[in-house]
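Comments concern the structure below.
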Amino acid sequence: DIQMTQSPSTLSASVGDRVTITCRASQNINNYLAWYQQKPGKAPKLLIYKASSLETGISSRFSGSGSGTEFTLTISSLQPDDFAIYYCQQYNTYRRTFGQGTKVDIK
Amino acid sequence: EAQLLESGGGLVQPGRSLRLSCVGSGFSFEDFGVHWVRQVPGKGPEWVSGISWNSDSIAYADSVKGRFTISRDNAKNSLYLEMNSLRVEDTALYYCAKDLSIYGVVEARPSDVFDIWGQGTMVTVSS
C-alpha cells in the first residue's frame, strides 16, 4: 500500500497566522490527493480533493497544491474554528490510505 | 441534507462476530459507492471495505479480507458489514462514508474521496 507521511505532527499557531502542512506519498499518486479536517468527537470533513479542488461550502482560506509525491495544505489566515487535526488521503489506487495527521493547536 | 447513520457496535470477545449497519438519507443512496472506514483513537483513518452502487464491485483491505463481508440493500438505503473472527486489533470507531462521484467502481484507479461520513459506531474486541 502507498504510505502517506505528514509533517509536522503538531503545529502551534495563532489566529491570523498563515499555516502550511506537508504530505508526502511513498510513490507517485499523480494529483489524487485529498485533505480532511477532523474535530474531537466528529467524523473527518472533506476540504480539498484532486490536490487543489475546494469542496463545496469550504472557505477559500483553505488551499491545496502539489503533484506527484509532495503536497501542501495552506490555511491563509487561521480562524478559531480551524483548530483541529488535518489528514491527507491518497486515492490513486482503490486502497485509499491516510496520513497520520497534523494537529493544529493554539499557540 | 445528506446523512449516514451507523449502528451495531459494541463489546465483543475475540473470535466472535458482529454486524454493523449504516442507513443513508438526504441523497440517492442507490447511486453511490459506499465504504467502511475505521479509526483507532489518536490514529489516522484506515479504509476497510467498499461496495459499488450496484454491488458489482467489492473490495477489502488485506487486514480484513476473508473475515469481513460488505453488502448493501438499496431498497432500504442500507449498508452492512458482517465481521467474523474478530481480533483485538479490530478495535476502532467504524464509520460509513460515501463516494463523492456517482456510479463509481470500487476498484477503479483512481478511486474516489469520501464526501459524507456518519458519526461512527465503536467496536471493542476484548476478553
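The values are calculated or read from the model by the stated rules, or taken from the named source; none is laboratory data. Just so you know, these numbers come straight off a predicted model, no measurement behind them. All Cβ positions, glycine included, derive from the backbone under ideal geometry; neighbour counts span all protein chains shown. Heavy atoms of the whole protein, side chains included, go into the accessibility calculation; ligands, DNA and RNA do not. Shrake-Rupley method; radii C 1.70, N 1.55, O 1.52, S 1.80 Å.
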Filter pass, B:S78 being away from every other protein chain (no Cβ under 14 Å) and either farther than 15 Å from B:F114 by Cα or at pLDDT 95 or above (or both): yes
Residue selected from the stretch B:41-63 under the condition part of a strand (DSSP E or B) and within 10 Å of another protein chain (Cβ to nearest Cβ), by the criterion surrounded by the fewest Cβ atoms within 10 Å (Cβ to Cβ): B:E46
Single residue of B:R72, B:R38 found to be of a type in the set (K, R), within 14 Å of chain A (Cβ to nearest Cβ) and within 11 Å of the chain's Cα centre (by Cα): B:R38
Enumeration of residues in the stretch A:4-27 that are outside any loop (DSSP other than H, G, I, E, B) and either within 12 Å of chain B (Cβ to nearest Cβ) or hydrophobic (A, V, I, L, M, F, W, C) (or both): A:M4, A:T5, A:Q6, A:L11, A:A13, A:V19, A:I21, A:C23, A:A25
Counted residues, the stretch B:23-35 - those being more than 12 Å from every other protein chain (Cβ to nearest Cβ) and in a strand (DSSP E or B): 5
Number of the exception - A:N30 against (1) open to solvent by 60 Å² or more (accessible area, probe 1.4 Å); (2) more than 10 Å from chain B (Cβ to nearest Cβ); (3) assigned to a loop (DSSP other than H, G, I, E, B); (4) in contact with a strand residue (DSSP E or B) (Cβ under 8 Å, 6 or more places away or on another chain): (2)
Odd one out for A:A51, checked against (1) away from chain B (no Cβ under 12 Å); (2) open to solvent by less than 20 Å² (accessible area, probe 1.4 Å); (3) among the aliphatic types (A, V, I, L, M): (1)
Qualifying position, being of a type in the set (A, V, I, L, M) and open to solvent by 40 Å² or more (accessible area, probe 1.4 Å), among A:I75, A:I85: A:I85
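Residues checked against (1) in contact with a Ser or Thr (Cβ under 8 Å, 6 or more places away or on another chain); (2) assigned to a helix (DSSP H, G or I); (3) open to solvent by less than 70 Å² (accessible area, probe 1.4 Å); (4) not acidic (D, E):
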| position | (1), (2), (3), (4) |
| --- | --- |
| B:E6 | yes, no, yes, no |
| B:S21 | yes, no, yes, yes |
| B:K65 | no, no, no, yes |
| B:R72 | yes, no, yes, yes |
| B:Y94 | yes, no, yes, yes |
| B:G104 | yes, no, yes, yes |
Among (1) surrounded by fewer than 18 Cβ atoms within 10 Å (Cβ to Cβ); (2) not in a strand (DSSP E or B) - the single one A:D105 does not satisfy: (2)
The stretch B:109-124 residues that are more than 7 Å from chain A (Cβ to nearest Cβ), paired with ones that are outside any strand (DSSP E or B) (beta carbon under 7 Å, 6 or more apart): B:I116/B:A2; B:T121/B:G8; B:T121/B:G9; B:M122/B:G9; B:V123/B:G9; B:V123/B:D90; B:V123/B:T91; B:T124/B:T91
